[in-house]
Amino acid sequence: MIELKRIARTLAAVVAATCLASGVTAQTTTYPSRPIKLIVPFAAGGSSDILGRVFAERVGTELGQPMVVDNRAGGNTVIGTQAAASARADGYTILQVTPNAVIVGSLQRSVPYDLGRDFAPVIGVGSVPLLLAVPASSTIRSIQDLVGLAKSMSGGLSYASGGMGSLGHLAPVRLLRDLKIPGTHVPYRGVAPAIQDVAANRVHLMFVSSLEGMQMVKAGGIRVLAVTSEQRLPGLPDVPTMAELGFADFYPAVWYGFMVPAKTPADVRDRLHQAFAKGAADPGVHEQLVKLGLTVKLRNGPEFAQFIREEDARWSRVVKENGITME
């Protein structure tokens, strides 16, 4: 009798374990079974939000479930990234990442997560180059003019950005360091007011993404001295690249990609990668991305992880060499 009870308990344990395993398998093989949240760590209406929504609509269709954009702006992307880091690793929370995600780790010691430890890369989708912009009403027509102007002023040049620690902040820091001329950072709460003040000739220069700067170029508010892309832009065929002007390895760009919490199952990450890759390849989506100024370049998980490590090393060096901090 005792032996029969022992056998019964053993069989019950086996059945329970089998059911549990079956449940996990069913969960991953039926993914997704409910709406997915895409956290965009920027305010609604900006370039990152627009691009996120383009992908959300197409990828949601590919997956057969709505992908809902959740704008979590603030803290130089820390608020949104922390929300994603705290989410369940089940594939139902995705984070959009940009250069801010790696730069902020060098600027703040108190970031409550580790991008490399707490997240797994899904896909890198491409990048938008920066424009070196000056007021169209100014006499500045070349980088040599910038140098001459800086030498004629006691305080050096002023440069605008959309905020402390942004790529628009660090790119001119590196440029002025390479040129060995002084400068003063003028941070704004967003790119829009910054570029407006450049156009109004209140600030000498700024680096702005082509996505956000081309409209001001067309409106006649800014003049572009150079672009940070490897090749000249079709929309600005007469504007040289930074490399053409002698600045080796000067390719800062606003890149975009998507990550999930680190323990998200591998098969779920693969499913998401395939959906994003198909979305980017869709002719309609590709046309939208090109209009937004994005150069589409897909990177798989390991490739994107390596790219992020390289970006982290590059901008950490700029931050350290120039003693930049947000604390």
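Basic side chains Lys and Arg get +1 at the Cβ, acidic Asp and Glu get -1 at the Cβ, and with that the dipole of the chain about its Cα centre reaches some 500 debye.
Here the simple spin-label model places points 7 Å from the Cα toward Cβ, and for Val147 and Arg317 these points are separated by 2.2 nm.
Note on the chain: with a GNM built from Cα contacts shorter than 10 Å, the maximum mean-square fluctuation among Val134, Val217, Val104 falls on Val217.
Note on Val296 and Lys218: the extension gain reaches 25.7 nm, defined as 0.36 nm multiplied by sequence separation minus the Cα-Cα distance.
Here Asp270 and Ser86 are evaluated by their C-beta separation; at R0 = 30 Å the FRET efficiency comes out at 0.80.
Our Cα-only numbers for region 72-139 put the radius of gyration and Dmax at 15.7, 56 Å.
From most to least packed by mean Cβ count within 10 Å, the peptides 231-241, 37-47 give 37-47, 231-241. Taking only Cα atoms of region 129-227, what ratio of Rg to Rh do you get with Rh as the Kirkwood inverse-distance radius? Reported Rg/Rh (Cα atoms, Kirkwood Rh): 0.92. PRE reach from Glu230 (point 7 Å along Cα→Cβ): which of region 290-323 fall under 20 Å by backbone N? What the label zone holds, given the 20 Å backbone N cut-off, is 290-291, 293-315. Residue separation of Glu287 and Asp114 scaled by 0.36 nm, minus their Cα-Cα distance, works out to 58.8 nm of gained length. Between the beta carbons of Thr139 and Ala248, assuming R0 = 22 Å, the FRET efficiency works out to 0.20 to the nearest 0.05. Here the label points at Arg189 and Asp238, each 7 Å from Cα along the C-beta direction, are separated by 3.9 nm in the simple model.
Find the centroid of the Cα atoms in region 89-159 and in region 181-196, then give the distance between the two in whole Å. Cα centroid of region 89-159 versus Cα centroid of region 181-196: 12 Å apart.
No value in this document is a laboratory result; all are computed from the given coordinates. From a predicted model like this one, the values you see are computed outputs, not experimental measurements. Because the Cβ atoms are built from the backbone with ideal geometry, glycine has one as well, and the counts that use them run over all protein chains shown.
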